[in-house]
Amino acid sequence: MAEHMLSAAPTHSRWNNQLRPRLVIQSGDVVHMECIDSSGGQVKPGMTVAEFIEIDRNLIHALTGPVAVEHAEPGDVLEVQVLSVEHIGWGWTSVIPGLGFLDERFKEPYLFHWQLDGSVSRSLAPATVPLRPFCGVMGVAQSESGEFRTRPPGIFGGNMDVRELSTGATLYLSVQCAGALFSAGDAHAAQGDGEVCINGIECPAQASLRFQLHKSRSLAGPIVEAGPHANVQDSGAWLVVESAEDALIAARGATSRMIDLLVKLWGFEPVQAYLLCSVAMNLKLSQVVNRPMTTVTASIAKHILPDRRLF
């Protein structure tokens, strides 16, 4: 097992399975990855809102990668262990006209700068915001040829904005093309479920990820194994991630896939798994702003079930 360093530049802001990998690794390797903020380094501390509205939106997400995993091919699963994600002390959040969950109410541009002090930010007084950095975008290149904007998530992962993908989590992705071509970015120091105004606390970050390849394994969509957090009652959770243009379709898909997971790993009868979901599963909106897709997660706390491994 080797360790690699990967600088952010040159970043990319499109999914494209023809991109040349910036790094080729073996299964089991660790990559220490630099991620610039989602603006591609255009937003700076102290920037005015007038300057902000002039940034180049074609550079949004500014992903680090792609990282190719040797021997990965369609029909495999890529396991991405999040060893750490750390902010570097500052971030920003904005309102962009025409975007966001309440775009009809909030029509004027706005830019807010955050100072990030370790595990909290007190920039928006009197609130004290807990910080839990993660990469909003983590995904593999799509199977289709061509260039695709990074805003919509999908079976390949991508712009899921699942805040449980913080330090200690593991993401499982279905490989879509040779080499997998994994990329990450759009780091958030904090984010609420929904990411309603269009941003979390956008920030530069350092991420350390370990990659494991599982050959000839099927996966209908992304699965997250979240680790415990600072809350002592948080034992971690299993999350099924589903994205669709209709939130109810995504919610039904996530619930159905959670039932399948309970049957596969814990041996429940499907109807029993359905009952367990009704009494113990959390169904929530992870993001509602990456149009046209809404991302829903179905999760069950780990302490409810015996320990299991997905692969």
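The values are calculated or read from the model by the stated rules, or taken from the named source; none is laboratory data. Everything numeric here is computed off the predicted structure, so don't read it as measured data. Glycine gets a Cβ as well: all are built from the backbone with ideal geometry, and neighbour counts include every protein chain shown.
Listed values, structure above:
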{"item": "Pair list, Cβ under 9 Å, 6 or more apart: segment 204-215 residue over 19 Å from Val77 (Cα atoms), other residue in a strand (DSSP E or B) and among the aromatic types (Phe, Trp, Tyr)", "result": "Pro204/Trp90; Ala205/Phe134; Ala207/Phe134"}
{"item": "Matching option when the condition is surrounded by fewer than 19 Cβ atoms within 10 Å (Cβ to Cβ), part of a loop (DSSP other than H, G, I, E, B), without any contact (Cβ under 8 Å) to a residue 12 or more places away in the chain and not hydrophobic (A, V, I, L, M, F, W, C), among Gly98, Gly46, Gly75, Gly41", "result": "Gly98"}
{"item": "Only listed residue being part of a loop (DSSP other than H, G, I, E, B) and either out of contact with any Asp or Glu (no Cβ under 8 Å at 6 or more places or on another chain) or surrounded by 19 or more Cβ atoms within 10 Å (Cβ to Cβ) (or both), chosen from Pro306, Pro228", "result": "Pro306"}
{"item": "Residue selected from segment 1-38 under the condition aliphatic (A, V, I, L, M) and in a loop (DSSP other than H, G, I, E, B), by the criterion farthest from Thr64 (Cα to Cα)", "result": "Met1"}
{"item": "Qualifying residue in segment 145-152 (condition: closer than 17 Å to Leu83 by Cα and either polar (S, T, N, Q) or touching a residue at least 60 places away in the same chain (Cβ under 8 Å) (or both))", "result": "no"}
{"item": "Considering residues of segment 111-143 that are outside any strand (DSSP E or B) and without any contact (Cβ under 8 Å) to a residue 12 or more places away in the chain only, the residue nearest to Gly40 (Cα to Cα)", "result": "Ser123"}
{"item": "Residue list for segment 49-72, restricted to those being over 20 Å from Gln212 (Cα atoms) and not in a loop (DSSP other than H, G, I, E, B)", "result": "Val49, Ala50, Glu51, Phe52, Arg57, Asn58, Leu59, Leu63"}
{"item": "First in segment 1-22 and within 23 Å of Arg210 (Cβ to Cβ), second anywhere and aromatic (Phe, Trp, Tyr) and surrounded by 14 or more Cβ atoms within 10 Å (Cβ to Cβ), Cβ under 7 Å, 6 or more apart", "result": "Trp15/Phe148"}
{"item": "Residue within segment 233-249 that is within 17 Å of Pro130 (Cα to Cα) and at pLDDT below 95 present", "result": "yes"}
{"item": "Yes/no for Ile36 being among the aliphatic types (A, V, I, L, M), closer than 18 Å to Gly139 by Cα, modelled with pLDDT of 95 or more and touching a strand residue (DSSP E or B) at 6+ places or on another chain (Cβ under 9 Å)", "result": "yes"}
{"item": "Members of segment 143-192 found to be buried (at least 23 other Cβ atoms within 10 Å of the Cβ), more than 12 Å from the chain's Cα centre (by Cα) and on the phi > 0 side of the Ramachandran plot, listed by number", "result": "Ala180, Leu181"}
